[in-house]
Amino acid sequence: MSQQKPNTVQTTGHVWDETLQELNNPLPAWWIWGFYASVVMALIYWTIYPAWPVGKSFTTGFKTVSYVNDKGQEKSWHWNTRAQLMKDMNEAEKMQKPYYDKIAAMPFAQIAKDPELTNFVNSAGKALFADNCAPCHQTGGQGVIGFFPNLTDDDWLYGGSHEKIQQTLAQGRNGYMPSFKEVLKADQLDNLAHYVASLAGEKADAAKIKAGDALFHGEAAACYYCHGGDGKGRQDVGSANLTDKIWLWADVGSPGTAEAKIDSIRTIIANGVSRGVMPAWESRLKPDQIKLLTVYVHGLGGGK
């Protein structure tokens with residue numbers, strides 16, 4: 001066998017059919033050492049963190065995470081993503097505590113005058129709103145017609161002041177309107193729907209408006225008990241203002257024919273509203289979080 005030149009491709013010396021040779025191309029040294037390093041890193045990782053299943057359990061590793069849970073109890077656990085999240089939240093709370101303390105001690109009117117606190121409210125409030133409010137009221141607070149109020153306009157069922165919003169968040173609300181389909185006849189429901197539509201300036205039949213007016217202010221329907229004699233609603237019971245162009249339960253604000261809008265109002269009167277419930281958050285959020293969220297919601301555009 002002839003001596004192989006250093007710069008040529010090396011072979012094992014095996015030759016078939018005179019010209020078919022078995023080449024010898026060893027892996028580069030850097031690749032070999034990289035492989036050895038990855039094996040060492042894997043061993044270290046398996047030792048520190050949870051890794052291998054053992055029967056119905058697993059190796060937990062020796063790295064631990066300490067945190068304080070929502071009950072104020074200090075816990076120490078083997079490393080896992082939930083424990084790490086709790087620790088990160090503890091650290092975030094420590095960083096945010098000075099701001100929350102300022103907000104808790106400061107009147108609502110002064111918070112808006114402090115640029116630093118305003119920036120914190122916009123940042124932390126956005127996160128709180130996304131976690132607790134956005135699933136119903138949507139990310140921007142625009143709500144959903146027929147289900148959840150719009151928080152960006154100036155129409156409030158229970159009041160849009162800081163104090164009223166704080167009360168709503170802390171204690172929740174339980175809005176309700178009874179069904180009238182068992183009380184009123186079909187023509188009465190129709191008359192009442194025409195009258196309610198006319199209160200907001202929608203097109204309606206004059207004769208039916210007159211008949212609906214009598215029902216609204218009479219004892220047969222007695223709508224004025226909750227919505228007031230002028231139809232502007234009562235914030236103490238959360239009844240809607242029927243004289244503006246803002247609609248929550250009946251889809252009247254969307255483009256459509258006059259009859260379609262009246263039909264939507266008629267459906268609400270007939271079936272009532274039993275889904276106007278908002279849970280109380282005082283058992284889930286801390287008082288300072290509720291106050292911060294109050295300022296944030298007030299600042300969405302509709303606060304008074």
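Coordinate-derived values only; no laboratory data. If you're wondering where the values come from, they're calculated on a predicted model, not measured in any experiment. Glycine also receives a Cβ, built like all others from the backbone with ideal geometry; neighbour counts cover every protein chain displayed.
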message: Projecting each Cα onto the charge dipole of segment 248-289 (Lys/Arg +1, Asp/Glu -1 at the beta carbon, about the Cα centre), which of Ala250, Asn271, Trp281 comes out farthest on the positive side?
response: Trp281
- prompt: Helix 258-271 versus the longest principal axis of the chain: what is the Cα-based angle in degrees, 0 to 90, to the nearest 10?
  reply: 90 degrees
message: Taking 45 Å as R0, compute the FRET efficiency from the Cβ-Cβ separation of Gln110 and Trp46 and round it to 0.05.
response: 0.25
message: Among Cys136, Tyr195, Phe120, whose Cα projects farthest towards the positive end of the dipole of the chain, with charges put on the beta-carbon of Lys, Arg (+1) and Asp, Glu (-1)?
response: Phe120
message: If I model a spin label at Ala260 and Leu27 as a point 7 Å from the Cα along the Cα→Cβ vector, what separation in nanometres do I get?
response: 6.8 nm
statement: Where a ≥ b ≥ c are root eigenvalues of the Cα gyration tensor, a/c under 1.5 meaning rounded, otherwise prolate if a/b exceeds b/c and oblate otherwise, the chain counts as prolate
message: Using the Cα centre of the chain as origin and beta-carbon charges of +1 (Lys, Arg) and -1 (Asp, Glu), tell me which of Gly233, Tyr158, Ile145 is placed farthest towards the positive end of the dipole.
response: Tyr158
message: Taking the Cα of Gln10, stepping 7 Å toward and past its beta carbon, and measuring to each backbone N in segment 17-44: which are under 15 Å?
response: 22-30, 32
field: Proxy reagent accessibility, fewest Cβ within 10 Å first, across Trp31, Trp281
entry: Trp31, Trp281
- prompt: About the Cα centre of segment 148-304, what is the dipole size in debye to 20, counting +1 per Lys and Arg Cβ and -1 per Asp and Glu Cβ, all else neutral?
  reply: 340 debye
- line: Mean Cβ-within-10 Å packing, highest first, puts peptides 141-149, 110-118 in the order 141-149, 110-118
- prompt: Once the Cα atoms of helix 29-48 and of the chain are each reduced to a long axis, what angle between those two axes, in degrees from 0 to 90 to the nearest 10, is obtained?
  reply: 50 degrees
statement: Taking Cα atoms only, helix 206-217 is inclined relative to the longest principal axis of the chain by an angle, in degrees rounded to 10, of 90 degrees
task: Just grab the label-to-label distance for Tyr176 and Glu219, each label 7 Å out from Cα along the Cβ direction, in nm (one decimal).
output: 2.3 nm
task: Assign one of three labels to segment 11-58, namely rounded, prolate or oblate, based on the Cα gyration tensor with a ≥ b ≥ c the square roots of its eigenvalues; rounded applies when a/c is under 1.5, prolate when it is not and a/b is larger than b/c, and oblate otherwise.
output: oblate
- request: Give, rounded to the nearest 20 debye, the magnitude of the charge dipole that the chain has about its Cα centre when Lys and Arg contribute +1 at Cβ and Asp and Glu contribute -1 at Cβ.
  value: 720 debye
task: Over segment 11-58, calculate the relative contact order: mean separation of alpha carbon pairs under 8 Å at least 6 apart, over the residue count, as a percent.
output: 19 percent
task: Kindly put Tyr176, Tyr45 in sequence by how many other C-beta atoms sit within 10 Å of each C-beta, fewest to most.
output: Tyr45, Tyr176
